[in-house]
Amino acid sequence: MNAPAWFQRVALLEWLPFGRSRSKPVAGPIYLGHRRVYILPTRRGLAFACALLFMLIASINYSLSLGYMLTFLLAGMAVVAMLHTYRNLVNLQISAGRAESVFAGESAPFHLHFANPGHYPRVAIELDCAAYQAYCDVPLHGSASVVLRVKAMRRGWLALPRIRLSTSYPLGLLRAWAFAHLDMRALIYPQPDRAQLSEMRSTAQSGTLRDGGSGTEDFYGLRPYQPGDSLRHIAWKSVAHNDLLLTKMFTAQAAAELVFDFERFPSAMDIEARLSRLTRWILLAEEANLRYGLQVPGTRLPPGNGEAHKHACLQVLALLGLPQSASGS
Amino acid sequence: MRALSFLPRPPVAGGLMPFNVLLLIGGIMLAAAPHLQRLPLWISALTAIALLWRAWATLKGEALPRRWLLLPFTLLTILGVYLSYRTLFGREAGVALLVVLLGLKMLEAQKSRDVASAVLMSYFLALTSFFYSQSTLTALLMGVTIFALTAALVGAAARQRPIPEQLRTAGLLLLQGIPLMVILFFLFPRVQGPLWGMPADAFSGKTGLTETMTPGMISSLSQSEDIVMRVKFVDDGPPRRDLYWRGPVLRQFDGRTWTAGPDYAPDQQYVLEASGTPLSYEVTLEPHHRQWLFMLDLPVAIPEDAVATVDYRVLARAPVHQRKRFVGRSALNYSARGGASAKDLSLALELPPDFNPRTRALGESFARKKLADREILALAIQHFQRGQYVYTLQPPLAGEHGVDEFLFDTRRGFCEHFSSAFAVLLRAAGVPTRIVTGYQGGEINPVDQYLTVRQSDAHAWVEVWLKDIGWTRVDPTAAAVPSRAEAGLAAAISADETLPLLMQPDMAWLRALRMNVEAWNNYWNQWVIGYNVDRQRDLLHRLGMPAPSWQNIAMTLFWALGLIVLILWLWLLRRVAHADPAQVLWQHFCAKLKRSVRRRSHEGPLDYSRRAARLLPQKADEIEEIAALYMTIRYGRETEAEKLAQLRLLVRRFSL
């Protein structure tokens, strides 16, 4: 923000890589006014101009009046197309919608809403955000939603990068574009690990829980499938979700509560591995409809159950050890 | 295609919308259609096969040939074009290459980029059809072509549009482009072409007058309805009998054919004494690929880019390959003494010794009377008037002594027989005579008041040298058959002869139709096809720029274009008022309430009004009443005017 205002508005700065970080994210809806929309010919447009030049030369050389007419009709059409391309983007309003939480390694869907106050439909609006694309049409006087999926590489808050909205409709000869940097964040949970779950019982026990063998009265945990296990005890839900064949274990004496403790891992395991393992357990426990709690440095969540509890636990894991400045409401 | 089935199957033509591909194929076919008659058969056939194959593959979802197979095939095709035309760069070869490459391009087009480049090539192909024809019909055909191609280009820019929308967008863009086209067309600084040499074979022979005259030549022209030129007189035109449009002058006769003869001595002057007010007129001459410009007998002012000869012909400096417009002035009363050196006059007396003995004998008998030239002329005219000659489109075939046969035996002939016989007779009588060919008459088109001169108006007459007044025009055809010059060909020939269809008197309605069509064509030619440097200067002059430089033109163009773009811009981005007055009132109400209770973006009228009523208990009734009324109007089945009025009243009264 050190540069003078006029300098900021130079289009070049906006799409050169070093110009990217200059804009600050905005919370509210962004209205694409005339000052935000830029327009330049595309490669196809330059080819079109070359074709027109050839046509003009042919018309002059052979004194073709209809050739002039055709050339000028196409030139006029290209100018009109410029107006149409520009108005296809200008006066469009984009606002932030939900940002769904996903696990690291997955794509986080950011929901964006477009409102079109214009008396004409918006066609073929393209969204580019880092390497991710989406595409939408907005009806006249209407609205449309579009989901932009951004790959989440690590846990924590994933901020939506600046979006480049562009369109080359109707002829593809010119491209109008604008930038929208919306303040949108998705909470990215740690990636559940995929290791064999041999350790689960010993580390997940909170003292009162003990190995009750393979009774059938009360479910108390899961272990990897072993040949010979009854098919009735296979946790099919988790098979579907995790591609892991697990056997439900039951015990008459099993405690109803588990508390997952960050500290009770072998000291060789690093933080991310522990968080991944804990995430995995939370998912499994929730799936098995157990009551579970979480103990991490600085935070303790009492045992509970249900979607909200699961997300609370996962949020703690997602943000553990990350600077608080990045988090917020 | 069965032969290709051993190849691994290439990707199906899937990336493009089928309708779009078909639209493009249709556009290419339309753009190539006018060239079909000129292209070698193998090119037309190959292109048609390629396009139909692609259409079939698109409709059936079939595979396209693989690219590596197309490349050598394309090279072979280019070689074929080279072998057909012995070049790749001429106009004809270029068109052939464009057509066949477009066909092959369609066999490999997979992406919207391919569609776009095919559309650009097809635009150019559409232009090339104007090399051969610039008629209204061609323009209409190319209009349809451009529409189809543009719709395909629109389809390439958006992934999925409903077909009517796609067509509508293309039509809209073209329509909105028309004002800009008009401005550019009239104001873009015109350059006189060509920028480089035209191919030598650009012009083929056409019907029309030539530099020689043999019996049967002009009567064959009389069957042609082709337009020679259109003339607009500044004031009223002269009567039809005075309309002699001067063409080649012929001085040498070999017994059968009249030719121009040797050149005039170079030191002679264009000598003309004219009396009376000269006539001004504007001629639009169709291209005849020769130099002469037909002007009324006799020209007193000629166009800048023309020269006048001593025998009063007017020649353009270059052959007229394009429709040419020029302004001329002629005097109908004149005394012409040019081209009358002793050598010229003796040439105007020469006759081949072994032909037409009877005519020569008659002429010599005139000469023996020792009369003045003028009296001999009167005798000759008298001979023609009394000889009961018949004017006919089908004269009998002439033998060796054609003039004798006409004058004494058959007595049936067309204007070339009359003039040729008259000239031979006078030369034999010792009066210098020459033949002038050209056109006589013309027809006023009542629709646009242009005089239309056709090939069927071709005529030949005679000029006689009289010492006191110079070259004097004598029309022996008119002397024998006065109606030829007074009323035209149709009136002059006998009723049982076949006239060209449109000259028949009972085809009046057809003639009226033709008049209208031709008047339209004339406008088209004058203002569209014939719009050139001169016409532009003329237009700018009328717009108040007497001597426009190109900078003036460029500025005018710039401002005119800017104005049109501004108007389009304001119109395209106009704000449209809310259609629903109830909603406007509701927003007004929300704005009033905003100071106390701001509506949250997710709140509908019901939630908002309830919350507002809770927060503002003293206004609760009013708020709820307004909200209820608004919801009734907006979401109810029908809207009543009283309710709207009531809502307006309540909102206006509401205050915090």
query: Within the bounds of region B:576-584, is there any residue that is surrounded by 14 or more Cβ atoms within 10 Å (Cβ to Cβ), touching a residue at least 24 places away in the same chain (Cβ under 8 Å), more than 27 Å from the chain's Cα centre (by Cα) and away from chain A (no Cβ under 14 Å)?
result: yes
Whichever residue in region A:126-170 is on the phi > 0 side of the Ramachandran plot and in a loop (DSSP other than H, G, I, E, B) and, among such residues, is farthest from the other protein chains (Cβ to nearest Cβ): A:A130
query: From the residues in region B:29-51 that are of a type outside the set (A, V, I, L, M, F, W, C) and in a helix (DSSP H, G or I), which one is surrounded by the fewest Cβ atoms within 10 Å (Cβ to Cβ)?
result: B:S44
query: Taking B:A157, is it surrounded by 15 or more Cβ atoms within 10 Å (Cβ to Cβ), of a type in the set (A, V, I, L, M, F, W, C) and touching a strand residue (DSSP E or B) at 6+ places or on another chain (Cβ under 8 Å)?
result: yes
query: Given (1) closer than 18 Å to B:L22 by Cα; (2) more than 11 Å from every other protein chain (Cβ to nearest Cβ); (3) small (G, A, S), where does B:A157 come up short, assuming only one miss?
result: (2)
- request: For region B:385-435, enumerate the residues that are closer than 19 Å to B:L209 by Cβ, touching a Lys or Arg at 6+ places or on another chain (Cβ under 6 Å) and not in a loop (DSSP other than H, G, I, E, B).
  value: B:R434
task: May I ask you to verify whether B:L125 is free of Cβ contacts under 8 Å to residues at least 60 places away in the same chain, in contact with a helix residue (DSSP H, G or I) (Cβ under 6 Å, 6 or more places away or on another chain) and either closer than 26 Å to B:W56 by Cβ or within 13 Å of chain A (Cβ to nearest Cβ) (or both)?
output: no
- request: Counting only residues that are modelled with pLDDT of 85 or more, closer than 22 Å to B:V462 by Cβ and among the hydroxyl-bearing types (S, T, Y), give me the strands (runs of 3 or more DSSP E) lying completely in region B:234-304 with at least 1 of them.
  value: B:244-250
- request: Please find, among B:A519, B:A492, the residue that is at pLDDT 75 or above, in contact with a Phe, Trp or Tyr (Cβ under 9 Å, 6 or more places away or on another chain) and not acidic (D, E).
  value: B:A519
field: Answer residue from region A:262-287, given it is touching a Phe, Trp or Tyr at 6+ places or on another chain (Cβ under 6 Å) and among the hydrophobic types (A, V, I, L, M, F, W, C) and is farthest from A:R154 (Cα to Cα) among those
entry: A:A285
Filter result for the condition that a residue is surrounded by fewer than 24 Cβ atoms within 10 Å (Cβ to Cβ), closer than 29 Å to B:D354 by Cα and touching a Phe, Trp or Tyr at 6+ places or on another chain (Cβ under 7 Å), over B:R473, B:R427, B:R412: B:R473
statement: Residues of region B:468-487 being in contact with a helix residue (DSSP H, G or I) (Cβ under 7 Å, 6 or more places away or on another chain), assigned to a loop (DSSP other than H, G, I, E, B) and charged (D, E, K, R), in sequence order, are B:D475
message: Exactly one of these conditions fails for B:G544: (1) in a loop (DSSP other than H, G, I, E, B); (2) within 21 Å of A:L66 (Cα to Cα). Give me its number.
response: (2)
message: Take the residues in region A:60-74 that are among the hydroxyl-bearing types (S, T, Y) and either under 16 Å from B:P179 (Cα atoms) or more than 7 Å from every other protein chain (Cβ to nearest Cβ) (or both); name whichever of them is surrounded by the fewest Cβ atoms within 10 Å (Cβ to Cβ).
response: A:Y68
query: So which of B:L195, B:L167 is over 30 Å from B:P248 (Cα atoms), at pLDDT below 80 and in contact with a helix residue (DSSP H, G or I) (Cβ under 7 Å, 6 or more places away or on another chain)?
result: B:L195
query: Just one of the numbered conditions (1) farther than 15 Å from A:F54 by Cβ; (2) within 14 Å of chain A (Cβ to nearest Cβ); (3) surrounded by 15 or more Cβ atoms within 10 Å (Cβ to Cβ) is not true of B:Q110; which one?
result: (2)
A:A99, sole failed condition from (1) among the small types (G, A, S); (2) crowded, with 19+ Cβ neighbours inside 10 Å; (3) over 31 Å from the mean Cα position of the chain (by Cα): (3)
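The values are calculated or read from the model by the stated rules, or taken from the named source; none is laboratory data. Bear in mind the structure is a predicted one, so any value in this text is a computation, not a measurement. Using ideal geometry, Cβ is built from the backbone for each residue, glycine included, and neighbour counts are taken over all protein chains shown.
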